[in-house]
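The values are calculated or read from the model by the stated rules, or taken from the named source; none is laboratory data. Fair warning: this is a prediction, and the values are worked out from it, not measured in the lab. Here Cβ is always computed from backbone atoms with ideal geometry, including for glycine, and neighbour counts include all displayed protein chains. The accessibility values were calculated without ligands, DNA or RNA, using every heavy atom of the protein model including side chains. Shrake-Rupley method; radii C 1.70, N 1.55, O 1.52, S 1.80 Å.
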Amino acid sequence: MTTAVAGMALSACAVPAPRRSDPAPDPAPGMPISTGRRALLMQILAHPDDDLYFMNPDTRQVLDAGTPLVCVYLTAGEADGVNKAPGRARPAPDRSAYSSARHQGLRQAYAALLGLDPFTPWEMSVAALDGGHRAEVNTLTAGARRVELIFLNTAMHTGRHRPGLPSLWQDRRLVLRTVVAEGSPLTRAGSYTYDGLVDVLAGLLESHLPTLVHTLDPDPDLQHSTEAVRRADSEQRGYSDHADHTAAACFAWAAMIRWVARTTARGGDVPGFVTTSFRGYYNRHWPKNLPPGVLETKAAHLVPYGGSPDWDCGNPSGCGDYNVGGDRPLTNRKGWVRSTHHRYPGARVAVAAEADGRLAAYAVLGLRVARWRETEPGGGVWGPPHDLGGGPLTPALGSATAADGRLLLFGLRFAALDGHGGDNEREVVLLEQRAPGGGFLPWRGLGNPSPGPGHGRRIGVPVAVTAPDGRIHLFVRNAEKGLSTRVREGGGRWSAWRDMGGGEVQDGFSTAVDVEGRVHVYGAGHHTVHHWTQDAPGRGLTARTQIDAGPVPGTPPAAVPVADGTVELFHRAEARPRLTGVRAGTAAELPGFDGYGPVTAAASPNGPVLVGRTGEGLLQLRTAEGDLVRSRGPVALDGPALHLGEAARPAVVGLGPDALPWLWRP
């Protein structure tokens, strides 16, 4: 995050004819996958504080669990060089000093996150990187926990004649200089080309071997604002994010793709890692999703980052980013800190029961789909992963089971991601079983509901449901923030993409089939829940009247069919911890399941089964017998799956920071 105005639009990560392309990603299955490494989180960010604003509380929870953290900051964060403290005179611009002060703010914030005094000294050094590049590295260890900050310090774009990351992504001829932060052990400026930066990031991934990678949003929403509003919100022209965030995310995804391609081309195993991408200034435009307790903790971690000129931190250039000091993250009208949104929400894991009673889990690992099987029915121990190919894929998977029992998996694929002039395309892809419990057919592309290189990148993750008549309905959020669908007939033929109409919604759709066989889809809008359904089974879906019952949704709704023919919805209201239930036009707050974030729901003979998060980020399960909290095991990443087995016994399956699946059967 930065307060600098981004004057240059990053309308797409694609420009003139490429000089060189990365190796084409290979979707073919059967490659060995590297597993069993110690968990490590790497975050690739544009500015100092992007992690604090957009990735917490996720980062904090992983760090609190003892997972080492490496943060790579692509820009120097120097902006216009003005580090103005509230209520004080505007100082003279000094970009080197401002970059140094923001680095100091990060050291203060992460020392506090480790439970240490904010002014705890860090080890400061210079690292040699790929291609002869060098970077400042700050390291702090607290017992078994460790944080490493790597500053690449490329110059920020802050005006028409000052190029930065967006220009580096777009222009294959550009050489971007770095900024030397005052007091840094790195005393000489360098420069980056497009390929040089991708190679450095790929080299850092290869040398550190993270099992979890956090990035920003490579494909932010379309956002048509007046020029005055756009500048006030620090957003790029036409899109709901800072141009640096978008370019940094594109570079991060390009580096991950190159890391996998380079490693496998040498005969190595597919790196075993998982990813999470986070929305940025998107938070400004939608209902806030963090309740007071979670927000208070998140905002408190920005206080040591903002610092104060009155602090004695030992850094002559400044003790933090005074522009966001004190309570300014909470009082800022943009409200970036008040939400944490994942770019690819929904299920990270698809779960299926095999004929012998074992569970199989499918998830994106190393940008490809992998399958794990229980070693014995009900044992809760997973065997090694089996590679099913398909990459490079975003983290969430959609799934459906055909009428004959065959599993279908749906993913969102980076069909192309080439800066400096290459194509930049996304497509929905399908992996389908040949027979129930058997092998799989080759991967198949299902296209994109939003044509064109700019619009096509803005689509969401696929969600699917099977109707009683055997049709499979596939849904995707389109670039216009509405709902698009394709329908697969019983014979296997897919319809064309169709725009469903209706209002703007966030990604993270929920589907249900009622007792009469009608398909329903729900999405969280700006003011209410939006609903699409059929007039009768077998008919096309149409947009319905918005669901007026209940408060403004802060999270996507979960839908469960009820025996009386209705569908019950569950969501958390904007900025509130209590769960709201909506049924037959009546909304009520449900006691005892307070927390934050969306819930997952499934129907059982004894009533809905729910999975969500407590305010501390632990998983909680609600059944007819009561509520349970998962207090042991690895941190649960977003999007766990809920599977009901025999006698509706629940099993919750998810991924941990070690990129391995876990299973919780209370």
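Against the condition among the small types (Gly, Ala, Ser) and open to solvent by 10 Å² or more (accessible area, probe 1.4 Å), how does GLY538 come out, does it pass? Outline the logic, then answer.
On the way: among the small types (Gly, Ala, Ser): yes; open to solvent by 10 Å² or more (accessible area, probe 1.4 Å): yes.
For GLY538, the condition - among the small types (Gly, Ala, Ser) and open to solvent by 10 Å² or more (accessible area, probe 1.4 Å) - is met.
Within segment 265-299, restricting attention to residues that are assigned to a helix (DSSP H, G or I) and within 16 Å of the chain's Cα centre (by Cα), the residue that is farthest from ALA573 (Cα to Cα) is TYR281.
Looking at segment 325-374 only, could you name the residues that are in contact with a strand residue (DSSP E or B) (Cβ under 8 Å, 6 or more places away or on another chain), small (Gly, Ala, Ser) and open to solvent by less than 20 Å² (accessible area, probe 1.4 Å)? Spell out the reasoning first.
We begin by selecting, within segment 325-374, every residue in contact with a strand residue (DSSP E or B) (Cβ under 8 Å, 6 or more places away or on another chain); these are 340-354, 358-374.
When the remaining residues are screened for being small (Gly, Ala, Ser), the result is 346-347, 350, 352-353, 360-361, 363, 366, 370.
Scanning segment 325-374 gives ALA350, ALA360, ALA361, ALA363, GLY366, ALA370.
I want to confirm something. Restricting to segment 502-514 and keeping residues that are in a loop (DSSP other than H, G, I, E, B) and open to solvent by less than 30 Å² (accessible area, probe 1.4 Å), which single residue is modelled with the lowest pLDDT? Quick ask: steps written out before the conclusion?
Step one: of segment 502-514, the residues in a loop (DSSP other than H, G, I, E, B) are 502-504, 506-509, 514.
Then keep just the ones that are open to solvent by less than 30 Å² (accessible area, probe 1.4 Å); that gives 503, 506-509, 514.
Working: GLY503: 91, GLN506: 98, ASP507: 98, GLY508: 97, PHE509: 98, ASP514: 97.
Ranking the candidates gives GLY503 first.
Within segment 261-272, residues that are touching a residue at least 12 places away in the same chain (Cβ under 8 Å) sit with their Cβ atoms under 7 Å from residues that are open to solvent by 60 Å² or more (accessible area, probe 1.4 Å) and polar (S, T, N, Q), at 6+ positions apart or across chains, in these pairs: GLY272/THR35. Here PRO163 clears all of (1) surrounded by fewer than 22 Cβ atoms within 10 Å (Cβ to Cβ); (2) modelled with pLDDT of 95 or more except the condition numbered (2). Here ALA524 clears all of (1) aliphatic (A, V, I, L, M); (2) part of a strand (DSSP E or B); (3) free of Cβ contacts under 8 Å to residues at least 60 places away in the same chain; (4) under 30 Å from PHE593 (Cα atoms) except the condition numbered (3).
The number of residues in segment 461-485 that are surrounded by fewer than 21 Cβ atoms within 10 Å (Cβ to Cβ) and not in a loop (DSSP other than H, G, I, E, B) comes to 1. The C-beta contact set for segment 42-54 (first residue farther than 22 Å from ALA202 by Cα, second residue of a type in the set (Phe, Trp, Tyr), distance under 8 angstrom, 6+ apart or interchain) comprises ASP49/TYR305; LEU52/TYR305; TYR53/TRP336; PHE54/PHE278; PHE54/TRP336. Residues that are within 20 Å of PHE278 (Cα to Cα) and either β-branched (Val, Ile, Thr) or open to solvent by 30 Å² or more (accessible area, probe 1.4 Å) (or both): does segment 636-655 have at least one? So far as segment 636-655 goes, no, none of its residues is within 20 Å of PHE278 (Cα to Cα) and either β-branched (Val, Ile, Thr) or open to solvent by 30 Å² or more (accessible area, probe 1.4 Å) (or both). Restricting attention to segment 30-66, the residues being open to solvent by less than 10 Å² (accessible area, probe 1.4 Å) and either more than 27 Å from LEU330 (Cα to Cα) or in a strand (DSSP E or B) (or both) number 5.
Assess whether ALA479 counts as being in contact with a helix residue (DSSP H, G or I) (Cβ under 7 Å, 6 or more places away or on another chain), among the aliphatic types (A, V, I, L, M) and touching a residue at least 12 places away in the same chain (Cβ under 8 Å). Spell out the reasoning first.
Values: in contact with a helix residue (DSSP H, G or I) (Cβ under 7 Å, 6 or more places away or on another chain): yes; among the aliphatic types (A, V, I, L, M): yes; touching a residue at least 12 places away in the same chain (Cβ under 8 Å): yes.
Yes: the conditions hold for ALA479.
On the basis of being surrounded by 18 or more Cβ atoms within 10 Å (Cβ to Cβ) and either of a type in the set (Val, Ile, Thr) or in a loop (DSSP other than H, G, I, E, B) (or both), does ALA89 make the cut?
Values: surrounded by 18 or more Cβ atoms within 10 Å (Cβ to Cβ): no; either of a type in the set (Val, Ile, Thr) or in a loop (DSSP other than H, G, I, E, B) (or both): yes.
Against the criterion (surrounded by 18 or more Cβ atoms within 10 Å (Cβ to Cβ) and either of a type in the set (Val, Ile, Thr) or in a loop (DSSP other than H, G, I, E, B) (or both)), ALA89 does not qualify.
Being of a type outside the set (Asp, Glu), at pLDDT 95 or above and within 19 Å of ALA403 (Cβ to Cβ) is true for just one of ALA464, ALA479. Which residue is that?
Numbers: ALA479 fails: within 19 Å of ALA403 (Cβ to Cβ).
None of the others qualify; the one that does is ALA464.
Sub-7 Å Cβ pairs linking a first residue in segment 99-111 that is within 13 Å of TYR73 (Cα to Cα) to a second residue that is assigned to a helix (DSSP H, G or I) and open to solvent by less than 10 Å² (accessible area, probe 1.4 Å), at least 6 apart or interchain, are LEU106/TYR305, ordered by first then second residue. Could you check, for segment 580-595, whether at least one of its residues is under 18 Å from VAL463 (Cβ atoms) and in contact with a Ser or Thr (Cβ under 7 Å, 6 or more places away or on another chain)? Looking through segment 580-595, none of the residues is under 18 Å from VAL463 (Cβ atoms) and in contact with a Ser or Thr (Cβ under 7 Å, 6 or more places away or on another chain).
Residue by residue, here is whether (1) under 30 Å from GLN236 (Cα atoms); (2) open to solvent by 50 Å² or more (accessible area, probe 1.4 Å); (3) modelled with pLDDT of 95 or more; (4) among the aliphatic types (A, V, I, L, M) holds:
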| site | (1), (2), (3), (4) |
| --- | --- |
| ASP117 | no, yes, yes, no |
| SER125 | no, no, yes, no |
| ALA128 | no, yes, yes, yes |
| GLY143 | no, yes, no, no |
| ARG146 | no, yes, yes, no |
| ALA155 | yes, no, yes, yes |
| GLU182 | yes, yes, yes, no |
| PRO185 | no, yes, yes, no |
| LEU205 | yes, no, yes, yes |
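Within the group GLY437, GLY422, GLY454, which residue is open to solvent by 10 Å² or more (accessible area, probe 1.4 Å), part of a loop (DSSP other than H, G, I, E, B) and either in contact (Cβ under 8 Å) with a residue 40 or more places away in the chain or among the hydroxyl-bearing types (Ser, Thr, Tyr) (or both)? Before the answer, list the steps.
Details: GLY422 fails: open to solvent by 10 Å² or more (accessible area, probe 1.4 Å); GLY454 fails: part of a loop (DSSP other than H, G, I, E, B).
Checking each option against the conditions leaves just GLY437.
Scanning segment 166-180 for residues that are aliphatic (A, V, I, L, M), open to solvent by less than 50 Å² (accessible area, probe 1.4 Å) and over 27 Å from the mean Cα position of the chain (by Cα) gives LEU174, LEU176, VAL179, VAL180.
Each residue in segment 440-451 was checked for being open to solvent by 40 Å² or more (accessible area, probe 1.4 Å) and either assigned to a strand (DSSP E or B) or small (Gly, Ala, Ser) (or both), and 2 pass. In the set (1) under 20 Å from SER450 (Cβ atoms); (2) not in a strand (DSSP E or B), ALA403 fails one condition alone, (1). Evaluation of GLU374 against the conditions (1) in contact with an Asp or Glu (Cβ under 7 Å, 6 or more places away or on another chain); (2) over 18 Å from ASP638 (Cβ atoms); (3) of a type in the set (D, E, K, R) shows that the sole unmet condition is (1). Of the residues making up segment 207-226, those that are surrounded by 19 or more Cβ atoms within 10 Å (Cβ to Cβ) and not in a loop (DSSP other than H, G, I, E, B) are LEU212, VAL213, HIS214, THR215.
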